[in-house]
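Written below as structure tokens is the structure these notes are about.
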Amino acid sequence: MGSDDLLGGRYRLEHVAGHGGMATVFSAYDSVLDRKVAIKLLQRRRDATGALHARFDREARAEAKIVHPNVVSVHDVGETEDGRPFIVMDYVEGQSLAELIAGTALSSERVAAIGMGIARALAAAHGLGIFHRDVKPANVIIDPQGIPHLMDFGLARELYSDDADVTAPGLLVGTANYVAPEQARYGTASPAADLYALGALMYHALTGAPPFDGAGALDVALLRFEEDPAELRVLVPAADPDLTAVIHALLARDPVERPWDTAAIAERLGDIAARLRATRTAGDVSTL
């Protein structure tokens with residue numbers, strides 16, 4: 001195969017690994033470094049406003065700045081001959097958290113461990129002044145060792161950037177089932193908004209359903225202004241109380257009442273996961 005047959009003269013697309021709203025992710029082979037990679041390819045050429053290309057560029061720049069084991073790393077960018085941009089990333093074996101929790105719920109131990117990994121990824125991003133704005137199960141890949149990897153920083157905002165927001169006015173910024181109230185209303189990006197989404201993600205993983213659901217995205221987003229999510233101790237009586245307390249704290253309607261220290265939340269979730277793992281292990285040994 002010659003270089004003319006390779007994407008960007010370097011990458012050979014192998015098979016589709018996933019689909020998104022605006023892009024397709026391929027498993028691919030890097031002929032220069034002789035390794036497997038993932039390539040996210042925009043489905044459309046440049047649109048009239050340039051918003052899709054700007055969002056793609058923002059994702060690549062944000063993820064390239066964050067070097068962390070719980071973040072999918074970006075290695076390269078390029079553009080096809082017909083004008084479609086692509087991003088070259090780590091290839092992470094596994095499945096999305098959305099696939100993992102489809103129609104089921106996870107144990108408190110596993111939810112705490114996954115939440116810890118995502119919180120660590122967010123702490124690394126927040127430390128660089130980058131806010132994700134779209135933390136949700138579909139944007140988390142769980143590898144065969146159970147380690148979560150956060151991806152898709154396409155809606156990310158940088159605290160110190162002068163870039164204009166590429167989201168069209170009047171559109172919901174984020175995903176309705178997980179977006180923070182202040183982000184749904186004003187598009188606000190902050191550690192507290194990302195942590196709200198993390199709380200909603202963990203709530204979903206623990207119960208099998210997001211904290212708010214409904215027929216339309218706008219209706220779902222508005223529910224969080226009118227009511228609090230159902231108590232986890234009622235929905236999942238066996239859930240660890242320390243874990244449920246953390247989740248409900250993250251889901252506070254007022255961002256001022258929410259934790260802001262992402263690293264501290266990661267440490268707290270790590271402590272909960274370690275305690276639950278030790279308890280389980282002790283129980284397993286006692287049954288021998």
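Laid out as a table, the results:
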{"read-out": "Computed label-point distance, nm, for sites Thr104 and Ser31 using a 7 Å Cα→Cβ extension", "value": "4.1"}
{"read-out": "Where Arg55, Arg12 fall by accessible area, highest first, once all protein chains stay in place (1.4 Å)", "value": "Arg12, Arg55"}
{"read-out": "Top of Ala273, Ala239, Ala192 by mean-square fluctuation, Gaussian network on the chain, Cα under 10 Å", "value": "Ala239"}
{"read-out": "DSSP-assigned coil residues among GluC sites (Glu not before Pro) in the range 193-256, each with at most 14 further Cβ atoms within 10 Å", "value": "Glu227, Glu231"}
{"read-out": "Global geometry of the chain, whether rounded, prolate or oblate, following the gyration tensor of its Cα atoms and the 1.5 cut on a/c", "value": "oblate"}
{"read-out": "Projected label distance in nm at Asp261 and Ala274, using a 7 Å step from Cα toward the beta-carbon", "value": "1.6"}
{"read-out": "For the chain, accessible area per residue (1.4 Å probe, heavy atoms of protein chains only), Å²", "value": "47"}
{"read-out": "Residue with peak Gaussian network fluctuation, the chain [Cα springs, cutoff 10 Å], from Ala189, Ala102, Ala266", "value": "Ala102"}
{"read-out": "Spin-label model distance (nm) - Leu13 vs Val234, 7 Å beyond Cα toward Cβ", "value": "4.9"}
{"read-out": "Accessible area of the chain belonging to carbon and sulfur atoms, whole % at 1.4 Å probe", "value": "53"}
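The values are calculated or read from the model by the stated rules, or taken from the named source; none is laboratory data. All figures in this text were calculated on a predicted structure; none of them were measured in a lab. Because the Cβ atoms are built from the backbone with ideal geometry, glycine has one as well, and the counts that use them run over all protein chains shown. We work out accessible area using only protein heavy atoms, side chains counted, and drop any ligands, DNA or RNA first. Shrake-Rupley method; radii C 1.70, N 1.55, O 1.52, S 1.80 Å.
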